[in-house]
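Structure first, commentary second.
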Amino acid sequence: MKTLVRPPVIARALVLIALLAVPLVVEDQYIRHTLVVAMLYAIVAANWDVTLGFAGIFNFGHLAFFALGAYSAGMLTKKFGFPTWTGIPFAALVATIASLIVCLPVLRLKGIYVVLVTYAFSQLCYQVILNQTEYTGGTFGLVLVPPLEVFGYSFRSAGNIPYYYLALALLVVSTVYLHFVIRSNLGRSIIALRDNEAYAISRGVALARQRFLTFGASAIFTGAAGGLYAQYLRTASPDMFGFAFVTFTLAMLLLGGIGTMWGPIIGAFVFTFISEAMIDLKEWRWLIIGTLIVVVLRFFPAGLLSLVEQIGERLGRRLQPAAPVPAPERPGSG
(Lines give C-alpha, C1' and ligand atoms only; values in the text may rest on other atoms or scores of the structure.)
Protein backbone atom coordinates (compact mmCIF):
# COMPACT_ATOMS: atom_id res chain seq x y z
CA MET A 1 0.00 0.00 0.00
CA LYS A 2 1.32 3.46 -0.86
CA THR A 3 2.08 5.80 2.02
CA LEU A 4 -0.06 8.91 1.82
CA VAL A 5 1.63 12.28 2.45
CA ARG A 6 -0.28 14.22 5.09
CA PRO A 7 -2.08 17.31 3.75
CA PRO A 8 -0.29 19.65 6.24
CA VAL A 9 3.06 18.59 4.77
CA ILE A 10 1.77 19.19 1.25
CA ALA A 11 0.40 22.58 2.32
CA ARG A 12 3.73 23.65 3.80
CA ALA A 13 5.57 22.59 0.66
CA LEU A 14 3.11 24.53 -1.51
CA VAL A 15 3.46 27.65 0.65
CA LEU A 16 7.25 27.45 0.43
CA ILE A 17 7.12 27.01 -3.35
CA ALA A 18 4.73 29.97 -3.61
CA LEU A 19 7.05 32.17 -1.53
CA LEU A 20 10.01 31.14 -3.66
CA ALA A 21 8.10 32.05 -6.81
CA VAL A 22 6.85 35.46 -5.64
CA PRO A 23 9.80 37.53 -6.96
CA LEU A 24 9.49 35.75 -10.31
CA VAL A 25 5.80 36.55 -10.83
CA VAL A 26 5.16 39.65 -8.70
CA GLU A 27 6.67 42.88 -10.03
CA ASP A 28 5.15 45.12 -7.34
CA GLN A 29 8.04 46.04 -5.02
CA TYR A 30 5.63 47.08 -2.27
CA ILE A 31 4.19 43.55 -2.03
CA ARG A 32 7.69 42.08 -1.90
CA HIS A 33 8.64 44.63 0.76
CA THR A 34 5.61 43.72 2.86
CA LEU A 35 6.50 40.04 2.57
CA VAL A 36 10.07 40.71 3.73
CA VAL A 37 8.80 42.61 6.78
CA ALA A 38 6.23 39.88 7.48
CA MET A 39 8.93 37.18 7.35
CA LEU A 40 11.13 39.10 9.79
CA TYR A 41 8.18 39.60 12.15
CA ALA A 42 7.38 35.89 11.83
CA ILE A 43 10.90 35.01 12.99
CA VAL A 44 10.59 37.31 16.01
CA ALA A 45 7.11 36.08 16.95
CA ALA A 46 7.94 32.37 16.52
CA ASN A 47 11.06 32.66 18.68
CA TRP A 48 9.20 34.66 21.32
CA ASP A 49 6.71 31.80 21.45
CA VAL A 50 9.48 29.54 22.76
CA THR A 51 9.55 31.44 26.06
CA LEU A 52 5.99 32.77 26.16
CA GLY A 53 4.06 29.83 24.71
CA PHE A 54 6.08 26.65 25.18
CA ALA A 55 7.89 27.61 28.39
CA GLY A 56 5.15 29.78 29.89
CA ILE A 57 7.63 32.54 30.80
CA PHE A 58 6.23 36.06 30.46
CA ASN A 59 9.36 37.48 28.87
CA PHE A 60 8.38 41.00 27.84
CA GLY A 61 11.98 41.87 27.08
CA HIS A 62 12.09 39.69 23.99
CA LEU A 63 11.59 42.59 21.58
CA ALA A 64 14.65 44.23 23.12
CA PHE A 65 16.72 41.38 21.64
CA PHE A 66 15.36 42.28 18.21
CA ALA A 67 16.13 45.98 18.74
CA LEU A 68 19.60 45.26 20.10
CA GLY A 69 20.29 43.11 17.06
CA ALA A 70 19.30 45.98 14.78
CA TYR A 71 21.40 48.55 16.64
CA SER A 72 24.44 46.28 17.03
CA ALA A 73 24.49 45.42 13.31
CA GLY A 74 24.07 49.08 12.40
CA MET A 75 26.76 50.38 14.73
CA LEU A 76 29.24 47.64 13.84
CA THR A 77 29.05 48.38 10.13
CA LYS A 78 28.43 52.14 10.15
CA LYS A 79 30.30 53.44 13.18
CA PHE A 80 33.17 50.94 13.30
CA GLY A 81 33.51 50.16 9.60
CA PHE A 82 33.27 46.38 9.72
CA PRO A 83 32.23 44.49 6.57
CA THR A 84 28.46 44.48 6.23
CA TRP A 85 28.25 40.67 6.13
CA THR A 86 29.41 40.60 9.78
CA GLY A 87 26.35 42.55 10.91
CA ILE A 88 23.81 39.72 11.10
CA PRO A 89 26.05 37.18 12.94
CA PHE A 90 27.14 39.92 15.35
CA ALA A 91 23.50 40.88 15.95
CA ALA A 92 22.67 37.27 16.83
CA LEU A 93 25.63 37.13 19.24
CA VAL A 94 24.72 40.40 21.00
CA ALA A 95 21.06 39.38 21.34
CA THR A 96 22.02 36.01 22.81
CA ILE A 97 24.38 37.58 25.35
CA ALA A 98 21.69 40.11 26.30
CA SER A 99 19.13 37.32 26.78
CA LEU A 100 21.46 35.45 29.14
CA ILE A 101 22.10 38.63 31.13
CA VAL A 102 18.40 39.44 31.58
CA CYS A 103 17.69 35.81 32.44
CA LEU A 104 19.95 35.83 35.50
CA PRO A 105 17.62 37.89 37.76
CA VAL A 106 14.50 35.96 36.65
CA LEU A 107 15.80 32.40 37.01
CA ARG A 108 13.49 31.68 39.93
CA LEU A 109 10.91 34.43 39.60
CA LYS A 110 7.31 33.84 38.53
CA GLY A 111 4.34 35.66 37.06
CA ILE A 112 4.20 39.43 37.19
CA TYR A 113 7.73 39.68 38.58
CA VAL A 114 9.14 38.19 35.39
CA VAL A 115 7.13 40.70 33.35
CA LEU A 116 8.42 43.62 35.43
CA VAL A 117 12.09 42.59 35.34
CA THR A 118 12.18 41.76 31.62
CA TYR A 119 10.30 44.89 30.61
CA ALA A 120 12.52 46.97 32.90
CA PHE A 121 15.52 45.53 31.05
CA SER A 122 13.97 46.64 27.76
CA GLN A 123 13.46 50.17 29.10
CA LEU A 124 17.02 50.24 30.46
CA CYS A 125 18.31 49.43 26.97
CA TYR A 126 16.01 52.13 25.60
CA GLN A 127 17.52 54.77 27.92
CA VAL A 128 21.05 53.72 27.00
CA ILE A 129 20.19 54.03 23.31
CA LEU A 130 18.76 57.52 23.83
CA ASN A 131 21.78 58.74 25.81
CA GLN A 132 24.54 57.36 23.57
CA THR A 133 23.75 59.80 20.78
CA GLU A 134 27.21 59.62 19.22
CA TYR A 135 26.78 55.93 18.41
CA THR A 136 23.01 55.39 18.27
CA GLY A 137 21.63 58.65 16.93
CA GLY A 138 19.57 59.21 20.08
CA THR A 139 15.91 60.00 19.53
CA PHE A 140 16.44 60.20 15.76
CA GLY A 141 17.62 56.61 15.59
CA LEU A 142 20.45 55.12 13.60
CA VAL A 143 20.01 56.07 9.96
CA LEU A 144 21.80 55.30 6.71
CA VAL A 145 22.95 51.89 7.88
CA PRO A 146 25.16 50.39 5.14
CA PRO A 147 23.25 47.87 3.01
CA LEU A 148 24.38 44.27 2.99
CA GLU A 149 27.12 43.39 0.53
CA VAL A 150 28.83 40.03 0.00
CA PHE A 151 31.94 39.87 -2.21
CA GLY A 152 31.02 43.23 -3.69
CA TYR A 153 27.45 42.18 -4.54
CA SER A 154 24.85 44.56 -3.10
CA PHE A 155 21.62 43.05 -1.82
CA ARG A 156 19.80 46.23 -2.87
CA SER A 157 20.22 45.29 -6.52
CA ALA A 158 17.40 43.83 -8.63
CA GLY A 159 14.69 45.58 -6.64
CA ASN A 160 15.81 44.16 -3.27
CA ILE A 161 15.07 40.62 -4.43
CA PRO A 162 18.27 39.30 -2.74
CA TYR A 163 16.94 40.66 0.57
CA TYR A 164 13.68 38.81 -0.07
CA TYR A 165 15.39 35.45 -0.51
CA LEU A 166 17.69 36.09 2.45
CA ALA A 167 14.70 36.83 4.69
CA LEU A 168 12.96 33.70 3.41
CA ALA A 169 16.07 31.59 4.03
CA LEU A 170 16.38 32.99 7.55
CA LEU A 171 12.71 32.18 8.22
CA VAL A 172 13.10 28.61 6.95
CA VAL A 173 16.29 27.98 8.96
CA SER A 174 14.71 29.54 12.06
CA THR A 175 11.60 27.33 11.71
CA VAL A 176 13.67 24.16 11.28
CA TYR A 177 15.78 25.19 14.26
CA LEU A 178 12.69 25.74 16.44
CA HIS A 179 11.27 22.41 15.27
CA PHE A 180 14.30 20.57 16.65
CA VAL A 181 14.48 22.70 19.81
CA ILE A 182 10.85 22.03 20.77
CA ARG A 183 11.23 18.29 20.09
CA SER A 184 14.55 18.02 21.93
CA ASN A 185 15.04 17.20 25.60
CA LEU A 186 15.14 20.95 26.26
CA GLY A 187 11.78 21.47 24.58
CA ARG A 188 10.10 18.60 26.40
CA SER A 189 11.50 19.76 29.74
CA ILE A 190 10.32 23.37 29.39
CA ILE A 191 6.85 22.18 28.41
CA ALA A 192 6.85 19.93 31.48
CA LEU A 193 7.86 22.89 33.66
CA ARG A 194 5.07 24.98 32.14
CA ASP A 195 2.40 22.33 32.68
CA ASN A 196 3.42 21.16 36.17
CA GLU A 197 6.53 22.81 37.56
CA ALA A 198 6.57 20.99 40.91
CA TYR A 199 6.24 17.56 39.30
CA ALA A 200 8.88 18.33 36.63
CA ILE A 201 11.36 19.47 39.28
CA SER A 202 10.67 16.36 41.35
CA ARG A 203 11.55 14.28 38.27
CA GLY A 204 14.95 15.96 38.02
CA VAL A 205 14.34 18.87 35.62
CA ALA A 206 16.64 21.78 36.56
CA LEU A 207 14.46 24.90 36.54
CA ALA A 208 17.25 27.50 36.46
CA ARG A 209 19.32 25.68 33.83
CA GLN A 210 16.38 25.08 31.48
CA ARG A 211 15.16 28.65 31.79
CA PHE A 212 18.68 29.91 31.07
CA LEU A 213 18.92 27.76 27.93
CA THR A 214 15.41 28.75 26.84
CA PHE A 215 16.19 32.46 26.91
CA GLY A 216 19.38 31.93 24.92
CA ALA A 217 17.73 29.65 22.37
CA SER A 218 14.94 32.15 21.71
CA ALA A 219 17.28 35.10 21.14
CA ILE A 220 19.63 33.79 18.42
CA PHE A 221 17.38 34.21 15.39
CA THR A 222 15.56 37.14 16.96
CA GLY A 223 18.82 39.07 16.98
CA ALA A 224 19.68 37.90 13.47
CA ALA A 225 16.28 39.14 12.25
CA GLY A 226 17.01 42.50 13.91
CA GLY A 227 20.34 42.74 12.11
CA LEU A 228 18.73 41.98 8.75
CA TYR A 229 15.93 44.44 9.53
CA ALA A 230 18.44 47.27 10.07
CA GLN A 231 20.42 46.47 6.92
CA TYR A 232 17.27 46.11 4.82
CA LEU A 233 15.51 49.29 5.96
CA ARG A 234 18.86 51.01 6.64
CA THR A 235 17.64 52.29 9.99
CA ALA A 236 17.19 51.31 13.64
CA SER A 237 14.67 53.24 15.70
CA PRO A 238 14.34 53.61 19.49
CA ASP A 239 10.62 52.90 18.98
CA MET A 240 11.63 49.25 18.63
CA PHE A 241 12.01 49.19 22.44
CA GLY A 242 8.53 50.66 22.99
CA PHE A 243 5.48 48.93 24.42
CA ALA A 244 3.60 49.53 21.16
CA PHE A 245 5.96 47.18 19.33
CA VAL A 246 5.54 44.61 22.12
CA THR A 247 1.75 44.67 21.79
CA PHE A 248 2.10 44.60 17.98
CA THR A 249 4.06 41.34 18.12
CA LEU A 250 1.92 39.91 20.93
CA ALA A 251 -1.13 40.43 18.71
CA MET A 252 0.53 38.25 16.06
CA LEU A 253 1.00 35.48 18.62
CA LEU A 254 -2.59 35.68 19.85
CA LEU A 255 -3.97 35.83 16.32
CA GLY A 256 -1.97 32.83 15.10
CA GLY A 257 -1.97 30.67 18.23
CA ILE A 258 0.35 30.62 21.24
CA GLY A 259 2.31 27.48 22.02
CA THR A 260 2.34 26.24 18.43
CA MET A 261 5.02 25.94 15.77
CA TRP A 262 3.13 27.55 12.90
CA GLY A 263 0.66 29.83 14.67
CA PRO A 264 3.02 32.80 15.16
CA ILE A 265 4.14 32.60 11.53
CA ILE A 266 0.57 32.60 10.26
CA GLY A 267 -0.32 35.41 12.65
CA ALA A 268 2.65 37.52 11.53
CA PHE A 269 1.73 37.27 7.84
CA VAL A 270 -1.98 37.90 8.38
CA PHE A 271 -1.46 40.75 10.84
CA THR A 272 1.18 42.49 8.69
CA PHE A 273 -0.91 42.40 5.52
CA ILE A 274 -4.12 43.46 7.30
CA SER A 275 -2.39 46.41 8.98
CA GLU A 276 -0.78 47.46 5.68
CA ALA A 277 -4.08 47.15 3.79
CA MET A 278 -5.77 49.51 6.25
CA ILE A 279 -2.93 52.01 6.56
CA ASP A 280 -5.10 54.78 5.05
CA LEU A 281 -7.52 54.44 7.96
CA LYS A 282 -4.79 55.78 10.28
CA GLU A 283 -5.76 55.36 13.95
CA TRP A 284 -9.01 53.58 13.10
CA ARG A 285 -7.13 50.58 11.75
CA TRP A 286 -5.94 49.58 15.22
CA LEU A 287 -9.52 49.62 16.50
CA ILE A 288 -10.61 47.44 13.58
CA ILE A 289 -7.65 45.07 13.97
CA GLY A 290 -8.30 44.77 17.69
CA THR A 291 -11.93 43.93 17.01
CA LEU A 292 -10.91 41.29 14.45
CA ILE A 293 -8.54 39.68 16.95
CA VAL A 294 -11.29 39.54 19.58
CA VAL A 295 -13.68 37.95 17.07
CA VAL A 296 -11.09 35.38 15.99
CA LEU A 297 -10.26 34.44 19.58
CA ARG A 298 -13.97 34.25 20.40
CA PHE A 299 -14.64 31.58 17.78
CA PHE A 300 -11.12 30.10 17.60
CA PRO A 301 -9.48 30.38 21.04
CA ALA A 302 -6.40 28.53 19.77
CA GLY A 303 -5.89 31.12 17.03
CA LEU A 304 -6.02 30.96 13.26
CA LEU A 305 -3.88 27.83 13.26
CA SER A 306 -6.80 25.84 14.65
CA LEU A 307 -8.93 27.06 11.72
CA VAL A 308 -6.22 26.03 9.26
CA GLU A 309 -5.96 22.61 10.92
CA GLN A 310 -9.72 22.09 10.73
CA ILE A 311 -9.69 22.90 7.02
CA GLY A 312 -6.71 20.56 6.53
CA GLU A 313 -8.47 17.72 8.36
CA ARG A 314 -11.57 18.09 6.19
CA LEU A 315 -9.50 18.10 3.02
CA GLY A 316 -7.53 15.12 4.29
CA ARG A 317 -10.71 13.11 4.86
CA ARG A 318 -11.87 13.92 1.34
CA LEU A 319 -8.53 12.87 -0.14
CA GLN A 320 -8.46 9.57 1.71
CA PRO A 321 -9.51 6.65 -0.51
CA ALA A 322 -12.85 5.19 0.40
CA ALA A 323 -12.70 1.92 2.34
CA PRO A 324 -13.80 -1.09 0.27
CA VAL A 325 -17.32 -2.28 1.00
CA PRO A 326 -17.30 -5.99 2.01
CA ALA A 327 -19.32 -8.25 -0.22
CA PRO A 328 -22.53 -9.54 1.35
CA GLU A 329 -22.43 -13.14 2.53
CA ARG A 330 -24.40 -15.66 0.52
CA PRO A 331 -27.33 -17.30 2.24
CA GLY A 332 -26.40 -20.56 3.83
CA SER A 333 -22.61 -19.95 3.57
CA GLY A 334 -20.35 -20.89 6.48
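So which of Ala244, Ala219 is modelled with pLDDT of 90 or more and among the aliphatic types (A, V, I, L, M)? Exactly one residue qualifies, and that residue is Ala219. Is there any pair linking a residue in region 54-66 that is farther than 13 Å from Gly226 by Cβ to one that is of a type in the set (Lys, Arg) and open to solvent by 10 Å² or more (accessible area, probe 1.4 Å), with Cβ under 8 Å and at least six apart or on different chains, and which? Filtered contacts from region 54-66: Phe54/Arg194; Ala55/Arg194; Ala55/Arg211; Gly56/Arg194; Ile57/Arg211.
Phe221: among the hydrophobic types (A, V, I, L, M, F, W, C), surrounded by 20 or more Cβ atoms within 10 Å (Cβ to Cβ), touching a helix residue (DSSP H, G or I) at 6+ places or on another chain (Cβ under 7 Å) and touching a residue at least 40 places away in the same chain (Cβ under 8 Å), yes or no? Against the criterion (among the hydrophobic types (A, V, I, L, M, F, W, C), surrounded by 20 or more Cβ atoms within 10 Å (Cβ to Cβ), touching a helix residue (DSSP H, G or I) at 6+ places or on another chain (Cβ under 7 Å) and touching a residue at least 40 places away in the same chain (Cβ under 8 Å)), Phe221 qualifies.
For region 225-244, name all the residues that are under 16 Å from Ile88 (Cβ atoms) and either open to solvent by less than 10 Å² (accessible area, probe 1.4 Å) or touching a Ser or Thr at 6+ places or on another chain (Cβ under 8 Å) (or both). Ala225, Gly226, Gly227, Leu228, Ala230, Gln231, Ala236, listed by residue number. The one condition from (1) surrounded by fewer than 24 Cβ atoms within 10 Å (Cβ to Cβ); (2) β-branched (Val, Ile, Thr); (3) closer than 24 Å to Gly242 by Cβ that Val44 does not meet is (1). What about Ala230, is it part of a helix (DSSP H, G or I), within 20 Å of Glu149 (Cα to Cα), within 18 Å of the chain's Cα centre (by Cα) and in contact (Cβ under 8 Å) with a residue 12 or more places away in the chain? Yes, satisfied.
I'm told Leu124 meets every condition in (1) open to solvent by 20 Å² or more (accessible area, probe 1.4 Å); (2) closer than 20 Å to Gly223 by Cβ; (3) of a type outside the set (Gly, Ala, Ser); (4) in contact with a Pro (Cβ under 7 Å, 6 or more places away or on another chain) except one. Can you identify the failing condition by its number? Tallying (1) open to solvent by 20 Å² or more (accessible area, probe 1.4 Å); (2) closer than 20 Å to Gly223 by Cβ; (3) of a type outside the set (Gly, Ala, Ser); (4) in contact with a Pro (Cβ under 7 Å, 6 or more places away or on another chain), Leu124 fails exactly one: (4).
Contact list please: Cβ distance under 9 Å, first residue in region 281-301 and in a loop (DSSP other than H, G, I, E, B), second residue at pLDDT below 80 and hydroxyl-bearing (Ser, Thr, Tyr), pairs at least six apart or on different chains. Listed by first residue and then by second, the contacts come to Phe300/Ser306. Would you confirm whether any residue within region 40-50 is within 14 Å of the chain's Cα centre (by Cα), closer than 21 Å to Arg108 by Cβ and part of a helix (DSSP H, G or I)? Yes: one or more hits. Residues that are open to solvent by 40 Å² or more (accessible area, probe 1.4 Å) and in a helix (DSSP H, G or I) within region 79-93 comprise Lys79, Trp85, Pro89, Phe90, Leu93, listed in sequence order. The one condition from (1) part of a helix (DSSP H, G or I); (2) open to solvent by 10 Å² or more (accessible area, probe 1.4 Å); (3) in contact (Cβ under 8 Å) with a residue 60 or more places away in the chain that Thr247 does not meet is (3). The set of residues in region 23-39 being assigned to a helix (DSSP H, G or I), free of Cβ contacts under 8 Å to residues at least 60 places away in the same chain and among the hydrophobic types (A, V, I, L, M, F, W, C) consists of Leu24, Val25, Ile31. Scan region 287-316 residue by residue and report those that are open to solvent by 60 Å² or more (accessible area, probe 1.4 Å), within 24 Å of Ala11 (Cβ to Cβ) and either modelled with pLDDT under 75 or hydroxyl-bearing (Ser, Thr, Tyr) (or both). Passing the criteria: Val308, Glu309, Gln310, Ile311, Glu313, Arg314, Leu315.
The values are calculated or read from the model by the stated rules, or taken from the named source; none is laboratory data. Computed from a predicted model, the values in this text were never measured in an experiment. Every residue, glycine as well, gets a Cβ built from its backbone with ideal geometry; the counts of neighbours run over all protein chains shown. Areas reflect the complete protein model, heavy atoms only, side chains present, ligands, DNA and RNA absent. Shrake-Rupley method; radii C 1.70, N 1.55, O 1.52, S 1.80 Å.
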